[in-house]
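The values are calculated or read from the model by the stated rules, or taken from the named source; none is laboratory data. On a predicted model such as this, the values are computed, not experimentally measured, just so you know. With ideal geometry, Cβ positions are generated from the backbone for all residues, glycine too; neighbour counts draw on all protein chains shown.
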Amino acid sequence: MATEGQGSLVLNEISTDGTNWKVIVCEDNSQISGTSSTNETKTKNCGTFTGVSTNPVVVTGSGVAGADLAANQASYMDLQILRDAKTKIYFRRQNALAGTVAAAEITYAIFRGYVTEATETSSADDVIKFNWAVTSTGTVDFNSVS
């Protein structure tokens, strides 16, 4: 029987050097989207030729903009600075270790890319929240390193 994973255990991490990882702080929601496009060319006497193009992977999320962060946490401001500077980063998404479920056993993706959204929202009756997005460039590795 399969063992489920909890969404609260999914970590989205960024790094500028590929070794020192920071988890995006106080997330409440995240998702990963990988899509492909197909193109068909019909010919008179050779049939139909189909081409497939893989679109960039996009990971999006939201959270609460926290303060007094630990050294291994990335803030809304960190994401905004990386987006503004057009800094190419490493991005990693994986489930954390939980009971008999190994880290990266259920979900895993690692790639180089850019922070393509950092949007802060704040209403008078709520905490300061933010939305973020990271878009891949090149190859995305969906194979767990564990």
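In the set (1) in contact (Cβ under 8 Å) with a residue 40 or more places away in the chain; (2) outside any strand (DSSP E or B); (3) within 20 Å of L9 (Cα to Cα), the condition left unmet by N143 is number (1).
Mind listing whichever residues of segment 1-29 are small (G, A, S), over 22 Å from G99 (Cα atoms) and surrounded by 15 or more Cβ atoms within 10 Å (Cβ to Cβ)? Hit for segment 1-29 is S15, nothing else.
Assess whether F111 counts as being within 14 Å of K22 (Cα to Cα) and either part of a strand (DSSP E or B) or among the aromatic types (F, W, Y) (or both). So F111 fails the test.
As for segment 72-95, it holds at least one residue that is touching a helix residue (DSSP H, G or I) at 6+ places or on another chain (Cβ under 8 Å), crowded, with 16+ Cβ neighbours inside 10 Å and either closer than 29 Å to E4 by Cα or modelled with pLDDT under 95 (or both). Of (1) of a type in the set (D, E, K, R); (2) within 20 Å of D17 (Cα to Cα); (3) modelled with pLDDT under 95, E105 satisfies all except one. Which? Just one mismatch for E105, condition (2). Restricting the first member to segment 3-22 and to residues that are closer than 16 Å to T107 by Cα, and the second to residues that are modelled with pLDDT under 95 and exposed (fewer than 11 other Cβ atoms within 10 Å of the Cβ), the beta-carbon pairs closer than 7 Å and six or more apart or on different chains are T3/T100. Evaluated against (1) farther than 22 Å from I32 by Cα; (2) surrounded by 13 or more Cβ atoms within 10 Å (Cβ to Cβ); (3) out of contact with any strand residue (DSSP E or B) (no Cβ under 8 Å at 6 or more places or on another chain), A67 falls short on exactly one condition, (2). Scanning segment 1-17 for residues that are over 17 Å from R83 (Cβ atoms), outside any strand (DSSP E or B) and either within 13 Å of the chain's Cα centre (by Cα) or at pLDDT 95 or above (or both) yields a single hit, D17.
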